[in-house]
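The values are calculated or read from the model by the stated rules, or taken from the named source; none is laboratory data. From a predicted model like this one, the values you see are computed outputs, not experimental measurements. Please note: Cβ atoms are built from the backbone with ideal geometry, for glycine as well, and neighbour counts cover all protein chains shown.
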Amino acid sequence: MILQALTDYYRVLEQAGKIDAPGWAPVKVSYALLLSENGTLEQVIDIQTEQPRGKKMASAPQILSLPAPVKRTVGVAANFLCDNAGYLLGIDSKGKPQRTRECFEASRSLHEQLLAGVDSPAARAVAAFFRSWDPETAREHPALAEHLEDILSGGNLI
């Protein structure tokens, strides 16, 4: 009886938008990668919002409900559809190119595995992106130029 009541209350809170569904969590996201249908990176969109910080306004990441991120310590563990530039683009500013490459390969593998049986334009675009993206030339990609410094500072991308 008590467990059923708790389950019902959880669903009420979920439907009211006060808590996330199981497997989902609030994640801070700064940029969105816009892909073409064939997986080409077309544009990087700044999705940060202006929020008050003291007496001034400052850009801050949006908080979105997304698949729950993994807890990372020192190991390599990719997240689905949302992660930092090291995982999604294979670039960072930490000066450890081998580790960054491992992060990107882990992300590529995760997305290939999860999207293998999915038949939708978005899934095909993401899978094509990971098949064709070259981290070696990423820093010169024109879509990244405007936001490259901020992207490398560690914010999450979707």
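Across the stretch 19-43, the number of residues qualifying as of a type outside the set (A, V, I, L, M, F, W, C) and touching a His at 6+ places or on another chain (Cβ under 8 Å) comes to 1.
In this entry, Val118 passes the filter for residues that are over 25 Å from Gln62 (Cα atoms), of a type in the set (A, V, I, L, M, F, W, C) and either in contact with a Lys or Arg (Cβ under 9 Å, 6 or more places away or on another chain) or assigned to a helix (DSSP H, G or I) (or both). Restricting the first member to the stretch 88-110 and to residues that are closer than 13 Å to Asp134 by Cβ, and the second to residues that are small (Gly, Ala, Ser) and surrounded by fewer than 16 Cβ atoms within 10 Å (Cβ to Cβ), no beta-carbon pair is closer than 7 Å while six or more apart or on different chains.
Conditions (1) modelled with pLDDT under 95; (2) surrounded by 13 or more Cβ atoms within 10 Å (Cβ to Cβ); (3) farther than 18 Å from Cys82 by Cβ; (4) in contact with a strand residue (DSSP E or B) (Cβ under 8 Å, 6 or more places away or on another chain), marked per residue:
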residue: Glu102; (1), (2), (3), (4): no, yes, yes, no
residue: Arg124; (1), (2), (3), (4): no, yes, yes, no
residue: Phe129; (1), (2), (3), (4): no, yes, no, yes
residue: Ser132; (1), (2), (3), (4): no, no, yes, no
residue: Asp150; (1), (2), (3), (4): yes, yes, no, yes
residue: Gly154; (1), (2), (3), (4): yes, yes, no, no
residue: Leu157; (1), (2), (3), (4): no, yes, no, yes
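Can you name the residue in the stretch 1-50 that is in contact with a strand residue (DSSP E or B) (Cβ under 9 Å, 6 or more places away or on another chain), of a type in the set (Ser, Thr, Tyr) and part of a loop (DSSP other than H, G, I, E, B) and is also farthest from Asn79 (Cα to Cα) among such residues?
Per the criteria, the residue is Ser36.
Somewhere in the stretch 63-86, is a residue under 26 Å from Gly17 (Cβ atoms), small (Gly, Ala, Ser), under 16 Å from the mean Cα position of the chain (by Cα) and not in a loop (DSSP other than H, G, I, E, B)? Taking every residue of the stretch 63-86 in turn, at least one turns out to be under 26 Å from Gly17 (Cβ atoms), small (Gly, Ala, Ser), under 16 Å from the mean Cα position of the chain (by Cα) and not in a loop (DSSP other than H, G, I, E, B).
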